[in-house]
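Engineer: Have a look at this one before I ask anything.
The values are calculated or read from the model by the stated rules, or taken from the named source; none is laboratory data. Since this is a predicted model, take the numbers as computed values, not measurements. Reconstructed Cβ throughout: ideal geometry from the backbone, glycine too, with neighbour counts over all protein chains shown.
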Amino acid sequence: MTDALMVTSSFLPGRGGIESYLAELCDELAPRIAVLAAGRREGTPLPGDLPYLTIPFPGRLVVPGPRAARSVIDHARRLEVDRVLFGTPWPLSLMAPKLRDAGLSYGVIVHGAELLVPAAVPVVGGRLAAALAGADVIVAVSEFTARKVQDLLDRKGYGSRSVPVLRARVDLDRFKPGSAEVDVRRRHAIADEARIVLCFGRLVRRKGIHRLIEALPTIRSAVGEVVVVVVGTGPELRRLRRLTEKKQVPVVFAGRVPDADAPSYYAGADVFALPVVDRYRGLEVEGLGVVLLEAAASGVPSVTGRSGGTPEAVLHGRTGFVVDAADPLELADAIVRLLRDERSARSMGEAGRAHVADAFARGTFPDELMRWLGKGRTI
């Protein structure tokens, strides 16, 4: 039985943090959620073989105009649901008034940048706040994001309201130590004695992969043979390749790898690195960092930049290190500490998996969300 229709532009087959977050959530709630999403991402169609209904919207984005609103209303009626869940708040929540007029209730999932950037623009921020204030339920991916939602609503005169945290879900049976479906070293001709620092994500400036490459000579001078493996694609690829050549360091650009291979890449790493920093005076941040959780579930300690919700994903000194990633020496020192002290790194990896099992495993949902989804029937 379908209880709600999720509407989002950020979904499979996309590979970012929001896409992973929403896909895991829908998989766990299946078949209670149907998904209306962009029909194609990077030339690949929306999957139709998932354990819940997917409805392709023509094009690469769901643009919140009359056409999209009409499509959402029509599909909701066809499915006999009266609840719509926006996978991100902006700009999709601009459809909220039309959905209300059609008798639909709506909820919103808030991640990070898609809240902070529009909220900083006076007129846009007002419209976003109005849409959030009118939602029947709001959930945030992290405590950091929840505070930012509350700040916006207070600033725009809507007062405080409950914004529970709906944490990312990580499949502990899929991401686990020792996963070896793929021999990553053989695939990329990495020597057995080389240590691997893994970076997994979209190749954009904010992710800070250039900082990791710049720190690599210092890391190698301290601990010997170290290779950085970068999984993902994006607009920074050419610049990163040029930087690698300039620094004359070993970096493997693995490109986009199949989903089934991802656990092997995590499990084959010695350290995971996500050297993010806040940009544009805090408007561009890391809402949480799902890749940090997947690494932790795989028993791999992480080094990440202090940005947005990353301190919730990596517990500093317990499951890895949270550093000022804009400081190349601080970034390099944290990675070196983990590579030098294998016993401590192993202990942090074990603690990281326990942290994910305790706070980010499947099976827990905010009461507000479940009451909204189950309105009118027993859950």
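Engineer: Would you pick out the residues in the stretch 218-232 that are surrounded by fewer than 17 Cβ atoms within 10 Å (Cβ to Cβ) and free of Cβ contacts under 8 Å to residues at least 60 places away in the same chain?
Structural biologist: Ser221, Gly224, Glu225
Engineer: Still on this structure: Please find, within the stretch 313-339, the residue that is nearest to Arg211 (Cα to Cα) out of those that are in contact with a helix residue (DSSP H, G or I) (Cβ under 6 Å, 6 or more places away or on another chain) and of a type in the set (D, E, K, R).
Structural biologist: Asp324
Engineer: If you scan the stretch 119-152, which residues turn out to be part of a helix (DSSP H, G or I) and either touching a residue at least 60 places away in the same chain (Cβ under 8 Å) or crowded, with 20+ Cβ neighbours inside 10 Å (or both)?
Structural biologist: The answer is Ala119, Leu128, Ala129, Ala131, Leu132, Glu143, Phe144, Thr145, Ala146, Lys148, Val149, Leu152.
Engineer: Answer yes if at least one residue in the stretch 92-104 is under 22 Å from the mean Cα position of the chain (by Cα) and in contact (Cβ under 8 Å) with a residue 12 or more places away in the chain, and no otherwise.
Structural biologist: Taking every residue of the stretch 92-104 in turn, at least one turns out to be under 22 Å from the mean Cα position of the chain (by Cα) and in contact (Cβ under 8 Å) with a residue 12 or more places away in the chain.
Engineer: Just one of Arg281, Arg346, Arg353 is out of contact with any Phe, Trp or Tyr (no Cβ under 6 Å at 6 or more places or on another chain) and outside any helix (DSSP H, G or I); which is it?
Structural biologist: Step by step, each of Arg281, Arg346, Arg353 is checked, and only Arg281 is out of contact with any Phe, Trp or Tyr (no Cβ under 6 Å at 6 or more places or on another chain) and outside any helix (DSSP H, G or I).
Engineer: Now a separate question. Does the stretch 165-183 contain any residue that is within 26 Å of Gly103 (Cβ to Cβ) and in contact (Cβ under 8 Å) with a residue 24 or more places away in the chain?
Structural biologist: Within the stretch 165-183, one or more residues are within 26 Å of Gly103 (Cβ to Cβ) and in contact (Cβ under 8 Å) with a residue 24 or more places away in the chain.
Engineer: Where the second residue is assigned to a helix (DSSP H, G or I) and the first is basic (Lys, Arg) and lies in the stretch 333-357, which pairs have Cβ atoms under 9 Å and are six or more apart or on separate chains?
Structural biologist: Here the result reads Arg337/Ser344; Arg337/Ala345; Arg340/Ala222; Arg340/Val223; Arg353/Ala296; Arg353/Ala297, each pair linking the stretch 333-357 to a residue that is assigned to a helix (DSSP H, G or I).
Engineer: Right, next: Tell me, please, whether a residue that is at pLDDT below 95 and buried (at least 19 other Cβ atoms within 10 Å of the Cβ) can be found in the stretch 348-360.
Structural biologist: Looking through the stretch 348-360, at least one residue is at pLDDT below 95 and buried (at least 19 other Cβ atoms within 10 Å of the Cβ).
Engineer: OK, next. Got at least one residue in the stretch 249-256 being at negative phi, in contact with a strand residue (DSSP E or B) (Cβ under 9 Å, 6 or more places away or on another chain) and modelled with pLDDT under 95?
Structural biologist: yes
Residue-by-condition table, conditions (1) under 16 Å from Ala262 (Cβ atoms); (2) of a type outside the set (Phe, Trp, Tyr):
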{"site": "Leu115", "(1), (2)": "no, yes"}
{"site": "Ala120", "(1), (2)": "no, yes"}
{"site": "Ala135", "(1), (2)": "no, yes"}
{"site": "Asp154", "(1), (2)": "no, yes"}
{"site": "Arg161", "(1), (2)": "no, yes"}
{"site": "Val165", "(1), (2)": "no, yes"}
{"site": "Ala168", "(1), (2)": "yes, yes"}
{"site": "Phe175", "(1), (2)": "yes, no"}
{"site": "Phe200", "(1), (2)": "yes, no"}
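Engineer: Any residue at all in the stretch 325-336 that is assigned to a loop (DSSP other than H, G, I, E, B), of a type in the set (A, V, I, L, M) and in contact with a Pro (Cβ under 7 Å, 6 or more places away or on another chain)?
Structural biologist: yes
Engineer: Restricting to the stretch 201-231, name every residue that is in contact with a helix residue (DSSP H, G or I) (Cβ under 8 Å, 6 or more places away or on another chain) and assigned to a loop (DSSP other than H, G, I, E, B).
Structural biologist: Let us first name the residues in the stretch 201-231 that are in contact with a helix residue (DSSP H, G or I) (Cβ under 8 Å, 6 or more places away or on another chain), namely 201, 203, 209-219, 222-223, 226, 228-231.
Residues satisfying the conditions are Gly201, Leu203.
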